[in-house]
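Comments concern the structure below.
The values are calculated or read from the model by the stated rules, or taken from the named source; none is laboratory data. Given the structure is predicted, the values throughout are model-derived calculations rather than measurements. No Cβ is skipped: glycine too gets one built from the backbone with ideal geometry, and neighbour counts run over all protein chains shown.
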Amino acid sequence: MELARFILKLLTFKMTKQEMLTFNNKHLITGVAGTWIVGMGRYWDDPKASLLQHLGLGSVIYIFCLAAFIWLILLPFKINNWSYRIVLTFIALTSFPAIFYAIPVEQFYSIQTSNTINVWFLVIVALWRLCLLYYFLKHFTRLSDRAIMIVTLMPMCLIISVLTILNLQNAVFAVMGGLRNSTPHDASYAILNLLTFLSVLFAIPLLIAYGLGIYYRHKEIKKKLT
């Protein structure tokens, strides 16, 4: 029960930095287990899903990679107590909202309606987790609001931009949104097109702002030491 309250506190934006510093093996294992269960829930009723998807291993691999990416981009800012383990635990614990993906809407609605509902689930969960990331970085790193906004948006923009360059954005969107028998002409793909456009548009400015943020951060640290 105490563990459930701890996770709920994180998911409702009430956790302090001191509590984040108490992340331990129990929290990490719970988060990874939750990610695994949610990952299986996404495909439990999809006969076309691969064995890896049915086993939920793709979701587990994803959180390890995403945590490494976020940890690395914040590393140059020289944050006190910044560690991959803490980032991984946070990312893992924020996987629980994705339980929405396990709702079998396909059994109650047509494919087109189900796809639309699944996309809205994706949008809600993605925004929720993005806001949680902003909250986590703001309270843990104590960087400026501008720097936090940059490092919060940059991973998403860079990932979508790279997928666009590789022409994989439609396939990844379909997988993440749980879309079945869908085509690029579906209304749900308007969301993807908008995200792709914005990500490509802001990727370079965000990278420039990121570089400037590191420069000013180092300048600030040097000033404190003198």
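Output yes when any residue across the range 44-66 is in contact with a Phe, Trp or Tyr (Cβ under 9 Å, 6 or more places away or on another chain) and of a type in the set (Phe, Trp, Tyr), and no when none is.
No, because not a single residue in the range 44-66 is in contact with a Phe, Trp or Tyr (Cβ under 9 Å, 6 or more places away or on another chain) and of a type in the set (Phe, Trp, Tyr).
In the range 90-105, is there at least one residue being surrounded by fewer than 19 Cβ atoms within 10 Å (Cβ to Cβ) and hydroxyl-bearing (Ser, Thr, Tyr)?
No - not one qualifying residue is present in the range 90-105.
Of the residues that sit in the range 1-23 and are touching a residue at least 24 places away in the same chain (Cβ under 8 Å) and among the aromatic types (Phe, Trp, Tyr), which one is surrounded by the most Cβ atoms within 10 Å (Cβ to Cβ)?
The initial filter retains those residues of the range 1-23 that are touching a residue at least 24 places away in the same chain (Cβ under 8 Å), namely 3, 7, 10-11, 13, 15-17, 20-21, 23.
Within this subset, residues satisfying the condition of being among the aromatic types (Phe, Trp, Tyr) are 13, 23.
Numbers: 13: 13, 23: 22.
My answer is 23.
Quick test of your reading of the structure: residue 94 fulfils all but one of (1) among the polar types (S, T, N, Q); (2) more than 19 Å from residue 159 (Cβ to Cβ); (3) touching a residue at least 60 places away in the same chain (Cβ under 8 Å). Name the failing condition by number.
(2)
Which numbered condition in (1) modelled with pLDDT under 85; (2) closer than 14 Å to residue 150 by Cα is the only one that residue 204 fails?
Unmet for residue 204, out of (1) modelled with pLDDT under 85; (2) closer than 14 Å to residue 150 by Cα: (1).
Is it true that some residue in the range 108-116 is in contact with a helix residue (DSSP H, G or I) (Cβ under 6 Å, 6 or more places away or on another chain), of a type outside the set (Gly, Ala, Ser) and either at pLDDT below 80 or closer than 18 Å to residue 17 by Cα (or both)? Can you show your working first?
Step one: list which residues in the range 108-116 are in contact with a helix residue (DSSP H, G or I) (Cβ under 6 Å, 6 or more places away or on another chain), which gives 114.
If we keep only those that are of a type outside the set (Gly, Ala, Ser) as well, we get none.
No.
So, in the range 64-90, exactly how many residues are part of a helix (DSSP H, G or I), under 16 Å from residue 21 (Cβ atoms), touching a residue at least 60 places away in the same chain (Cβ under 8 Å) and among the hydrophobic types (A, V, I, L, M, F, W, C)? Reasoning before the result, please.
Filtering the range 64-90 for residues part of a helix (DSSP H, G or I) gives 64-77, 84-90.
Those still in the list that are under 16 Å from residue 21 (Cβ atoms) too: 71, 74, 84-90.
So of that shortlist, the ones also touching a residue at least 60 places away in the same chain (Cβ under 8 Å) come out as 74, 85-86, 88-90.
When the remaining residues are screened for being among the hydrophobic types (A, V, I, L, M, F, W, C), the result is 74, 86, 88, 90.
Of the residues in the range 64-90, 4 are part of a helix (DSSP H, G or I), under 16 Å from residue 21 (Cβ atoms), touching a residue at least 60 places away in the same chain (Cβ under 8 Å) and among the hydrophobic types (A, V, I, L, M, F, W, C).
If you take the residues of the range 46-101 that are at pLDDT 85 or above and among the charged types (D, E, K, R), which of them is nearest to the chain's Cα centre (by Cα)?
Once the filter is applied, the top-ranked residue is 85.
Count, please, the residues in the range 99-127 that happen to be touching a residue at least 40 places away in the same chain (Cβ under 8 Å) and part of a helix (DSSP H, G or I). Give the steps one after another, and end with the answer.
Narrowing the range 99-127 to residues touching a residue at least 40 places away in the same chain (Cβ under 8 Å): 99, 101-102, 104, 106-107, 111-112, 114-116, 118-119, 121-123.
Within this subset, residues satisfying the condition of being part of a helix (DSSP H, G or I) are 99, 101-102, 106-107, 111-112, 114-116, 118-119, 121-123.
So the answer is 15.
Counting only residues that are surrounded by fewer than 16 Cβ atoms within 10 Å (Cβ to Cβ) and among the hydrophobic types (A, V, I, L, M, F, W, C), which one in the range 58-68 is farthest from residue 155 (Cα to Cα)? Walk me through it before giving the result.
First pass over the range 58-68, keeping only residues surrounded by fewer than 16 Cβ atoms within 10 Å (Cβ to Cβ): 61-62, 64-65, 68.
Filter once more, keeping what is among the hydrophobic types (A, V, I, L, M, F, W, C): 61, 64-65, 68.
Details: 61: 17, 64: 14, 65: 11, 68: 11 Å.
For the range 58-68, the residue satisfying everything is 61.
Return the residue satisfying two criteria in turn: it lies in the range 145-155 and is surrounded by fewer than 19 Cβ atoms within 10 Å (Cβ to Cβ) and in contact (Cβ under 8 Å) with a residue 24 or more places away in the chain, and of such residues it is farthest from residue 79 (Cα to Cα).
In this case the residue turns out to be 155.
Could you grab me the full set of residues in the range 24-36 that are of a type in the set (Gly, Ala, Ser) and touching a residue at least 24 places away in the same chain (Cβ under 8 Å)?
Initially, the range 24-36 is screened for residues of a type in the set (Gly, Ala, Ser), giving 31, 33-34.
If the condition is that a residue be of a type in the set (Gly, Ala, Ser) and touching a residue at least 24 places away in the same chain (Cβ under 8 Å), then 31, 34 are the ones that fit.
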